[in-house]
Each structure stands twice: as C-alpha cells, then as structure tokens.
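Just below is one structure, and these are the notes that go with it.
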Amino acid sequence: MNLPVEELEIGMYVEIPLSWHEHPFLKNSFLITSEEEIRKIKDSGIRHVKVDFGRSRCLAAVGKPPVEPEGGSNPAEEEDVVPPELISSIHDRTLAAEKRAHLVIEHSLVMMQGLLEKPSTLRIDQAKRGISEIVNLILRDDHAAYYLININTHDFYTYTHSVNVGILGVTLAKAIFQNTSTHDIHALGVGFFLHDLGKVRVDQAIINKPAKLTEEEMREIRRHPAHGFKILLETRQLTEESRLVVLQHHERYDGSGYPRGLRKDEIHIYARLCSLADVYDALTSERPYKKSMTSFEALKLMREEMLFHFQTELFEKFVLMFRAPNHARLN
Ligand SMILES: [Fe+2]
Ligand SMILES: [Fe+2]
C-alpha cells in the first residue's frame with residue numbers, strides 16, 4: 001500500500017522508490033526504527049512510500065489486510081525469530097565495519113520484536129542462538145563493537161532498548177572480563193538482551209504512555225523485573241546468574257533501587273553491569289515527553305548526579321568503552 005510520507009510511523013516496513021545511491025539508507029526496504037529515519041525519507045524529496053503492513057510492527061498495521069507470506073504458508077508460530085540476514089551480515093567480511101553494524105542492529109531489532117511479541121520457550125531458545133552470534137562478533141572485532149555501541153537508534157520501544165542494552169552490556173562485559181575465562185559472556189549476553197522481558201506482562205498502555213507515569217503506574221511497571229525472572233523460570237531458560245540480571249537490573253549500588261533495595265555486593269556483578277547500560281540507554285533515548293541526550297551529556301549526568309547508583313570502577317570502564325579502538329581506521 002502506498003502512503004504519503006506524512007503518514008509514516010516508526011515500526012512501518014517501507015520500500016523507498018529510488019535507486020540505492022539516491023537515498024541515505026543501506027537498503028531500499030527496511031523497518032523504520034526512528035523519527036530520524038522518517039525525517040530523512042521526507043528530506044529525500046519522496047512524496048509516497050510503499051508500506052508492507054505484513055512486515056510492519058506498528059499499531060497502524062493492526063487491521064490492515066495481512067500479506068500472503070512468500071513461498072507458502074508458514075504459521076508465525078514456527079517462524080524462526082532470528083532473521084537469516086542477521087547471521088549473514090555478521091559473517092559477511094566484505095562489509096565495512098560501520099555498514100555491518102547498521103545491518104546487525106536492524107536485524108537484531110526484528111529478532112527482539114518477534115521474541116517480545118510472544119516469549120515462548122521455543123522463541124527464547126532461537127533468540128539465544130542469534131544473540132550468541134552477536135556476542136561472538138563483539139568479542140572478536142573491536143571495530144564492529146565500536147560502531148555497534150555508537151550507532152544512534154534510540155526510539156522508545158522495548159525491543160530497541162533491549163538491543164541497545166544487550167550490545168552495551170556485552171561490550172562492557174568484554175572490557176571487564178577480558179582477561180578471565182570464568183565468565184560465560186554468551187549466557188550473560190542473553191540476560192542483557194532479555195533484561196526487560198517482564199515488560200510483556202505489564203499493561204502495554206502504561207509501557208507506551210506518551211507522558212510521565214503516575215505513582216500507581218510506576219508501581220505497576222516496577223513489577224517487571226520479577227515478571228521477567230518468573231517467565232525465565234517457567235520457560236526454564238537462562239542460567240541462574242543471567243536470571244539475576246533480569247531480577248536485579250534496577251537495584252542501585254547505594255540501595256536506592258528496586259525491587260529489594262539491595263546494596264553493593266548484594267547485587268550480582270552482572271546486574272551491576274546491566275544497570276549502567278540500562279540507564280545510559282534510557283538517557284540517550286527519545287521519549288514523547290523528553291528529548292534524547294547525546295552520549296557525552298548522558299555520561300556527564302551519570303558521573304555528576306548519579307554516580308552513587310553505580311560501582312565507580314565499573315562506571316569508569318563503561319566510559320572508556322566509547323573511545324575508538326587503538327589504531328583504528330574508522331570509515
Ligand atoms: Fe527494566
Ligand atoms: Fe531496561
């Protein structure tokens with residue numbers, strides 16, 4: 001269906017009616033994940049864009065006629081949440097580091113959307129495989145990691161936040177645990193990507209509310225770490241330590257967090273790492289009621305006003321992560 005560009009929304013899967021070199025995107029067809037992308041589409045002078053509602057993930061897609069899946073009828077239940085393009089872009093060594101990072105993020109968003117729509121045992125198991133590939137990429141390639149954590153995809157959707165926190169958390173774990181072999185960063189990575197899984201059991205009207213939350217709504221949303229922990233117990237997924245990431249990622253080093261107000265070493269080290277990635281991404285993300293901060297502004301605010309929430313040594317490592325790798329020829 002062709003739509004005027006004024007009606008585009010985040011979550012729509014669009015096809016740009018121009019040649020690849022005539023627009024600023026990596027591909028002609030893609031899922032819109034930010035207001036910035038909508039602005040770029042408008043700036044390129046296009047008046048109408050083809051929207052594939054069958055592949056879209058926005059509210060506008062509800063009620064639109066479903067598109068017949070290519071090559072027959074695969075029930076959604078049986079579809080792998082890991083897009084094959086995620087794996088192929090991770091392994092395509094001909095791609096420049098920045099372009100590869102963009103593709104990995106784009107396909108990771110699709111994976112996490114699929115998982116959070118219905119976090120069944122099967123889907124979590126599938127996602128673990130995709131996440132493990134992303135972890136391998138971050139562990140072996142400093143340039144890819146640099147681009148992955150510095151790419152600006154900061155809308156307010158839980159799946160975008162999950163991908164960002166996953167990538168930031170794994171890169172931080174790499175920096176902290178690089179000289180040890182006692183930590184399973186693959187298992188930990190799954191914990192980071194799934195840290196907000198419990199939000200699927202919170203009223204979505206509260207999650208998507210385009211304004212600040214009331215006290216009552218805050219109480220509801222503060223149940224998400226326990227919901228997530230329970231889902232992982234029920235589906236028998238993740239290691240005990242990675243489940244603690246989900247349960248404790250809102251605990252704060254000074255005891256001011258939730259759900260239990262744990263302090264310092266009472267909070268598992270993995271959850272302490274996750275809280276840094278989580279807060280940073282929340283600050284740099286756009287909300288309908290607040291503008292996003294730049295990376296510099298967010299790190300400055302965390303250092304000057306929130307440092308007591310974090311373990312200082314971990315925060316210092318977190319800041320260093322955003323520097324370009326040594327001897328990098330960044331293109
Ligand atoms: Fe959370
Ligand atoms: Fe979060």
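What follows is calculated from the coordinates using simple rules that are stated; it is not laboratory data. Owing to the predicted nature of the structure, the values given are computational and were not obtained by experimental measurement. Because the Cβ atoms are built from the backbone with ideal geometry, glycine has one as well, and the counts that use them run over all protein chains shown.
Descriptive notes on the structure:
- Size of the chain as Cα extents on the principal axes (Å, biggest first): 55, 50, 37
- Taking the Cα centre of the range 1-62 as origin and assigning +1 to Lys and Arg Cβ atoms and -1 to Asp and Glu Cβ atoms, the resulting dipole is close to 140 debye.
- A crude spin-label estimate for the pair Arg287 and His48, with each label 7 Å from Cα along the Cβ direction, gives 3.9 nm.
- With Cα atoms, 0 to 90° folded angle of helix 121-140 axis to the chain main axis: 80 degrees
- Counted by Cβ distance under 11 Å from Phe315, the other residues give a net charge of +1, where Lys and Arg count +1 and Asp and Glu count -1.
- Projecting the Cα atoms of Met302, His227, Ile167 onto the dipole axis of the range 80-320, where Lys and Arg carry +1 and Asp and Glu carry -1 at the beta carbon, places His227 farthest toward the positive end.
- Neighbour net charge for Ala187 - beta-carbon separation under 11 angstrom, K R +1, D E -1: -1
- Under the simplified labelling scheme, the Leu213-Glu241 pair shows an inter-label distance of 2.9 nm, with each label point 7 Å from Cα along Cα→Cβ.
- A straight Cα-to-Cα reach below 19 Å connects Lys42 with the lysines Lys27, Lys50, residues fewer than 8 places away in its own chain not being considered.
- Percent of Cα pairs exceeding the 24 Å cut-off, where the set is the range 114-263: 34 percent
- Only DSSP H runs of four or more residues enter the estimate; each adds -39500 (n - 2.57), and after division by the residues of the chain the mean residue ellipticity at 222 nm equals -15000 deg cm²/dmol.
- Estimated FRET transfer efficiency (Asp265, Glu7; beta-carbon r; R0 35 Å; 0.05): 0.10
- Packing order of peptides 176-183, 41-48, highest average first: 41-48, 176-183 (average count of other Cβ atoms within 10 Å over each peptide's residues).
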